[in-house]
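Below you'll find the structure, written out as structure tokens, and then a few comments.
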Amino acid sequence: MAEHHFHLKASWPGGRNSSGYIEAENLKTKISIPPEMDGPGIGTNPDEMLLGAAATCYIITLAAMIERAKLPLENMGLDSEGIVDVTGGVFTYKKIIHRPQVTLKEEATEEQKSQLKKLVEKAEKSCMISRAIQGNVEMKLEADIR
């Protein structure tokens with residue numbers, strides 16, 4: 001079994017409406033509460049970062065699966081949306097919707113298109129971030145496959 005360790009340092013001066021800073025090997029940015037939640041909106045925030053983790057994990061997982069299947073990929077992209085519910089002052093990350101757009105080259109067979117459809121769904125279930133939040137955040141796919 002192999003374990004990979006990732007490290008992040010955070011600094012925060014105190015107070016809800018302050019802004020802080022996070023630093024990891026390839027991530028360095030200011031952080032604060034977003035304006036939608038009555039914060040200063042400086043830098044990124046946990047809501048964007050969870051969405052970013054889920055989205056990047058999904059698209060990288062899907063790309064690897066398409067490559068392994070040797071599908072003739074033309075291009076791919078992803079729009080993702082995170083929905084946070086606020087009820088009784090409690091903030092809950094409710095849902096993440098991934099909207100992948102995947103196009104195969106013209107010479108793709110019907111069998112390859114069918115395989116792509118399966119991989120688009122399998123990638124969401126295989127991604128380690130999706131698995132980590134499973135049961136806590138609803139995950140939904142709205143794919144545009146061509």
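The values are calculated or read from the model by the stated rules, or taken from the named source; none is laboratory data. Everything numeric in this text was worked out from a predicted model, so none of it was measured. Heads up, the Cβs are rebuilt from the backbone with ideal geometry, glycines too, and the neighbour counts pull from every protein chain shown. These accessible areas exclude ligands, DNA and RNA; they are computed on the full protein's heavy atoms, side chains included. Shrake-Rupley method; radii C 1.70, N 1.55, O 1.52, S 1.80 Å.
Summary table below
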quantity	calculated
Residue pairs meeting the criteria (Cβ under 6 Å; at least 6 apart or on separate chains; first under 21 Å from I60 (Cα atoms), in the stretch 101-114; second basic (K, R) and surrounded by 10 or more Cβ atoms within 10 Å (Cβ to Cβ))	T103/R146
Selection count, the stretch 61-100, where residues are closer than 20 Å to M139 by Cβ, among the hydrophobic types (A, V, I, L, M, F, W, C) and without any contact (Cβ under 8 Å) to a residue 12 or more places away in the chain	1
Which listed residue is out of contact with any His (no Cβ under 8 Å at 6 or more places or on another chain), over 30 Å from I145 (Cβ atoms) and of a type in the set (A, V, I, L, M), from V120, V90, V84, V102	V90
Those residues of the stretch 1-20 which are free of Cβ contacts under 8 Å to residues at least 12 places away in the same chain and in a strand (DSSP E or B), in sequence order	S11
Residues that are polar (S, T, N, Q) and in contact with a strand residue (DSSP E or B) (Cβ under 9 Å, 6 or more places away or on another chain), drawn from the stretch 68-92	N75, S80, T92
Hey, K94 part of a strand (DSSP E or B), of a type in the set (K, R) and surrounded by fewer than 17 Cβ atoms within 10 Å (Cβ to Cβ) or not	yes
L51, sole failed condition from (1) under 20 Å from F91 (Cα atoms); (2) open to solvent by 70 Å² or more (accessible area, probe 1.4 Å); (3) outside any loop (DSSP other than H, G, I, E, B)	(2)
Members of the stretch 36-79 that are among the hydroxyl-bearing types (S, T, Y) and under 14 Å from the mean Cα position of the chain (by Cα)	T56, Y58, T61
Within the stretch 6-35, tally of residues that are under 20 Å from the mean Cα position of the chain (by Cα), open to solvent by 40 Å² or more (accessible area, probe 1.4 Å) and not aliphatic (A, V, I, L, M)	7
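For (1) open to solvent by 50 Å² or more (accessible area, probe 1.4 Å); (2) in a strand (DSSP E or B); (3) basic (K, R), each residue gets a yes or a no:
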| residue | (1), (2), (3) |
| --- | --- |
| P40 | yes, no, no |
| T56 | yes, no, no |
| A64 | no, no, no |
| K70 | yes, no, yes |
| V86 | yes, yes, no |
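For every residue, the table says whether it meets (1) open to solvent by 40 Å² or more (accessible area, probe 1.4 Å); (2) closer than 22 Å to M49 by Cβ.
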site	(1), (2)
E81	yes, yes
V90	yes, yes
L116	no, no
V120	no, no
C127	no, yes
K140	yes, yes
A143	yes, no
